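The values are calculated or read from the model by the stated rules, or taken from the named source; none is laboratory data. It should be emphasised that the depicted structure is a prediction, and the values quoted were computed from it without experimental measurement. Here the Cβ positions follow ideal geometry from the backbone for every residue, glycine too, while neighbour counts run over all protein chains shown.
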Amino acid sequence: MMKGLPTTMAQYKAFAPNVSVNGETVLSIVAGMGAFTSRALKVLAASGIQDPQAGQWYSQQAWLDAFQKLGEQLGPNTLIMIGKTIPENAKFPPNINSIETALASIDKAYHMNHRGGEIGSYKVVSSQPKSARMVCENPYPCDFDRGIVLGTATKYKPATSGAVRVSHDDTQPCRKKGARSCTYQIDW
């Protein structure tokens with residue numbers, strides 16, 4: 001457990017009040033909405049993020065508020081789709097050369113794209129040939145994280161592998177139920 005944080009934390013609530021997220025990451029909502037770009041911009045504006053720009057920083061809580069509105073209006077598949085665009089839009093560390101290094105890089109990328117306080121983490125907790133388990137402890141929606149993990153694993157999967165599968169481990173805590181983390185099984 002991290003210092004100063006309650007033992008349970010529902011999704012959409014920033015861990016610290018001064019955390020900010022960069023514009024590249026905020027723009028992933030817009031990219032993830034495809035044909036519904038104007039709707040994404042309206043939701044962002046209604047949440048306090050007007051005309052997001054790469055290179056600028058925005059309140060993480062405002063961004064989380066936008067996620068919550070999108071999730072309520074459009075459902076979990078939209079959040080998964082937005083998460084899948086993160087590897088294409090957010091800053092990631094260089095030298096990713098395998099699915100294993102890609103999954104481990106999610107935490108580094110997360111920290112590169114946020115600042116200002118406690119944000120949580122993405123941790124690979126076990127890895128086997130063609131599979132891994134990851135615990136995502138952060139305030140983002142569960143379905144969004146599933147999309148990030150799926151998008152990252154798909155982008156870097158070996159050419160000899162079939163489709164990547166990412167499933168939520170329902171035997172573990174879940175942010176939808178007020179927990180601080182969700183656990184995912186990744187198979188390729």
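General observations
- Selection count, region 83-103, where residues are part of a helix (DSSP H, G or I) and either exposed (fewer than 15 other Cβ atoms within 10 Å of the Cβ) or out of contact with any strand residue (DSSP E or B) (no Cβ under 9 Å at 6 or more places or on another chain) (or both): 9
- Flag if Ala35 is in contact with a Phe, Trp or Tyr (Cβ under 9 Å, 6 or more places away or on another chain) and either farther than 23 Å from Lys176 by Cα or not in a helix (DSSP H, G or I) (or both): no
- Of all residues in region 20-74, exactly one satisfies the criterion of being modelled with pLDDT under 95 and touching an Asp or Glu at 6+ places or on another chain (Cβ under 6 Å), namely Ala54.
- Scanning region 121-131 turns up no residue that is polar (S, T, N, Q) and crowded, with 22+ Cβ neighbours inside 10 Å.
- Considering (1) crowded, with 17+ Cβ neighbours inside 10 Å; (2) of a type outside the set (A, V, I, L, M, F, W, C); (3) farther than 21 Å from Ile106 by Cα, the lone condition that Gln61 does not fulfil carries the number (3).
- Residue list for region 155-168, restricted to those being in contact with a Phe, Trp or Tyr (Cβ under 9 Å, 6 or more places away or on another chain) and either over 10 Å from Ile186 (Cα atoms) or crowded, with 22+ Cβ neighbours inside 10 Å (or both): Lys157, Pro158, Ser161, Gly162, Ala163, Val166
- Note on region 109-188: enclosed strands (runs of 3 or more DSSP E) holding 3 or more residues that are touching a strand residue (DSSP E or B) at 6+ places or on another chain (Cβ under 7 Å), aliphatic (A, V, I, L, M) and in contact (Cβ under 8 Å) with a residue 24 or more places away in the chain are 131-137.
- Candidates Ala54, Ala45, Ala14, filtered to the one that is aliphatic (A, V, I, L, M), at negative phi, surrounded by fewer than 18 Cβ atoms within 10 Å (Cβ to Cβ) and in a loop (DSSP other than H, G, I, E, B): Ala54
- Residues of region 52-104 classified as β-branched (Val, Ile, Thr) and over 26 Å from Gln128 (Cβ atoms), total: 3
- Pair list, Cβ < 9 Å and 6+ apart or interchain, from region 70-87 residues that are free of Cβ contacts under 8 Å to residues at least 12 places away in the same chain to residues that are crowded, with 22+ Cβ neighbours inside 10 Å and part of a helix (DSSP H, G or I): Gly75/Asp143
- Test set (1) at pLDDT below 95; (2) surrounded by fewer than 21 Cβ atoms within 10 Å (Cβ to Cβ) - Ile80 fails condition number: (2)
- In region 85-101, the residues that are closer than 22 Å to Gly32 by Cβ and touching a Pro at 6+ places or on another chain (Cβ under 8 Å): Ile99
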